[in-house]
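Following: one structure in structure tokens, then a few remarks.
The values are calculated or read from the model by the stated rules, or taken from the named source; none is laboratory data. Because the structure is predicted, anything quoted here is derived from the model rather than measured. All Cβ positions, even for glycine, are placed from backbone atoms using ideal geometry, and neighbour counts span all protein chains on display. Each accessible area value is taken on the protein alone, full model and side chains, heavy atoms only, with ligands, DNA and RNA left out. Shrake-Rupley method; radii C 1.70, N 1.55, O 1.52, S 1.80 Å.
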Amino acid sequence: MKRIAILGSTGSIGRSTLSVAESFSDRFQIVTLAAGRNLELAFEQARRWRPRLISVAAASDAEMLGSRLKSAAVMETQVVCGPTGNLRVATYPEVDFVVSAIVGVAGLEATYEAVRAGKTVGLANKECLVAAGELITAAARERARPLLPIDSEHNAVHQCLRGGRIEEVRRIWLTASGGPFLHTPKAKFAGITVEQALNHPTWKMGNRITVDSATLMNKGFEVIEACRLFNLAPEQVKVIVHPQSTIHSLVEFVDGSILAQLSVTDMRLPILYALSYPERVPSELNFSLGDLRHLDFCPPDMEKFPCLQLAYEAARAGGGKTVALNAADEVAVEAFLEGRIGFEDIPVVIEEVVGETPTGKLESIKQVLGVDQQARAGARDRVARRSRGRLPAAAITLPQT
Ligand code: MG
């Protein structure tokens, strides 16, 4: 029986993890949960799973949840809150495996401490590797604990890497769907609306990651994650556009062999893989190979999607640059979603903020969060300057002709 903690249990990965635990209740036991702000779902999850510990964002929420659980006769669950609550969830002595799925830098410290406490960690939070990857991977290596990627591409690479030794890898290929603007000419990028950017062809995801997929920044983050996770140089991590998203990623070995991983586009599979590693568990998540007709590939257009180029540059520079890349992107994407800047402003804001961020190794999560805060402030400043004089989308009326 593997004893599981979920950081971010009410989010999409958290809910999928619980669904996997439900299907394989003979293998996985839910021991602790960090639920965040969705109190209703936190209550349901505590009632269903009876964790030893559940953490919510605010102290007032913890009090409310605690009394509701008591009225529902759930006595075995202790309610905690805030960052210290998350830390307790992540480092709870009985836990073997921590699923790190809190969105944003809020999950960094708890994930880092889980690794330091000797837990096996399944990573779904991209900030962990983009912003604090050097620290987290070093801590895992020191303790000889595996870091198991849940992101579909890295999970695919992890699976393919079992086909050879890391020294035998020539390069890896991360597949990208290409997003909704793969065939949109660059000249039309200035007019891209929020609605168009949120219309992702293959995956249903949150708003930020969907916009990040449209700019290819999501793929850029994945390049950085792959470098950290598999200890590869940025030159060894290639991106290939593959609109069907059937192959989740590939590993090319020095002899010229390429291994690919194919499966249904369902996050429960990478979650199941990570939770049961190094075993493989029979599941119903079947892929119908007989229905497969086309696998298309093309190189990404770096000029059309400058965010990908920016990510490669940050990956090479390391240190604070990747922290700033993530922070500036989050602020810029939020501003785009609110109609304050245009689609093409996103990479401009990021490039400026990353440019002014010093490189240099970061020694602690505190330092990472310091650079993060500074980059966010810089990005907000630039967004404000760019949005001045820009009419909110709704207020624009076209002249009658
Ligand atoms: Mg991905």
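Could you look through the stretch 101-130, keep only residues that are at pLDDT below 95 and among the small types (Gly, Ala, Ser), and pick out the one that is most open to solvent (accessible area, probe 1.4 Å)?
Among residues in the stretch 101-130 that are at pLDDT below 95 and among the small types (Gly, Ala, Ser), the one most open to solvent (accessible area, probe 1.4 Å) is Ala106.
Give the residue, chosen from Glu344, Glu330, Glu334, that is of a type outside the set (Val, Ile, Thr) and in contact with a Lys or Arg (Cβ under 7 Å, 6 or more places away or on another chain).
Glu330
Take Phe189 and decide whether it is closer than 28 Å to Val331 by Cα, out of contact with any helix residue (DSSP H, G or I) (no Cβ under 6 Å at 6 or more places or on another chain), open to solvent by less than 50 Å² (accessible area, probe 1.4 Å) and at pLDDT 95 or above.
Answer is yes for this residue.
Looking only at the stretch 215-234, decide whether some residue is within 15 Å of the ligand (Cβ to nearest atom) and at pLDDT below 95.
No; the residues of the stretch 215-234 include none that is within 15 Å of the ligand (Cβ to nearest atom) and at pLDDT below 95.
One residue is enough: does the stretch 161-180 have a residue meeting the conditions more than 16 Å from the ligand (Cβ to nearest atom), surrounded by 24 or more Cβ atoms within 10 Å (Cβ to Cβ), β-branched (Val, Ile, Thr) and in a helix (DSSP H, G or I)?
Scanning the stretch 161-180 turns up no residue that is more than 16 Å from the ligand (Cβ to nearest atom), surrounded by 24 or more Cβ atoms within 10 Å (Cβ to Cβ), β-branched (Val, Ile, Thr) and in a helix (DSSP H, G or I).
Any chance the stretch 155-174 includes a residue that's among the charged types (D, E, K, R) and within 29 Å of Gln367 (Cβ to Cβ)?
Kept after step one, since they are among the charged types (D, E, K, R), are these residues of the stretch 155-174: 162, 165, 167-168, 170-171.
This time we only want the ones that are within 29 Å of Gln367 (Cβ to Cβ), so: none.
No, the conditions are met nowhere in the stretch 155-174.
Please work out if Leu295 is open to solvent by 40 Å² or more (accessible area, probe 1.4 Å) and either more than 15 Å from the ligand (Cβ to nearest atom) or assigned to a loop (DSSP other than H, G, I, E, B) (or both).
Criteria met by Leu295.
Do we find a residue being closer than 20 Å to Tyr277 by Cβ, more than 16 Å from the ligand (Cβ to nearest atom), touching a residue at least 40 places away in the same chain (Cβ under 8 Å) and not hydrophobic (A, V, I, L, M, F, W, C) anywhere in the stretch 121-133?
Taking every residue of the stretch 121-133 in turn, none turns out to be closer than 20 Å to Tyr277 by Cβ, more than 16 Å from the ligand (Cβ to nearest atom), touching a residue at least 40 places away in the same chain (Cβ under 8 Å) and not hydrophobic (A, V, I, L, M, F, W, C).
When only residues in the stretch 201-214 that are of a type in the set (S, T, N, Q) and within 14 Å of the ligand (Cβ to nearest atom) count, which is farthest from Gly122 (Cα to Cα)? Working first, answer last.
Let us first name the residues in the stretch 201-214 that are of a type in the set (S, T, N, Q), namely 202, 207, 210, 213.
Then keep just the ones that are within 14 Å of the ligand (Cβ to nearest atom); that gives 202, 210, 213.
Numbers: Thr202: 24, Thr210: 22, Ser213: 22 Å.
For the stretch 201-214, the residue satisfying everything is Thr202.
What do you reckon, is Pro149 surrounded by fewer than 17 Cβ atoms within 10 Å (Cβ to Cβ) and in contact with a helix residue (DSSP H, G or I) (Cβ under 7 Å, 6 or more places away or on another chain)?
Details: surrounded by fewer than 17 Cβ atoms within 10 Å (Cβ to Cβ): no; in contact with a helix residue (DSSP H, G or I) (Cβ under 7 Å, 6 or more places away or on another chain): yes.
For Pro149, the condition - surrounded by fewer than 17 Cβ atoms within 10 Å (Cβ to Cβ) and in contact with a helix residue (DSSP H, G or I) (Cβ under 7 Å, 6 or more places away or on another chain) - is not met.
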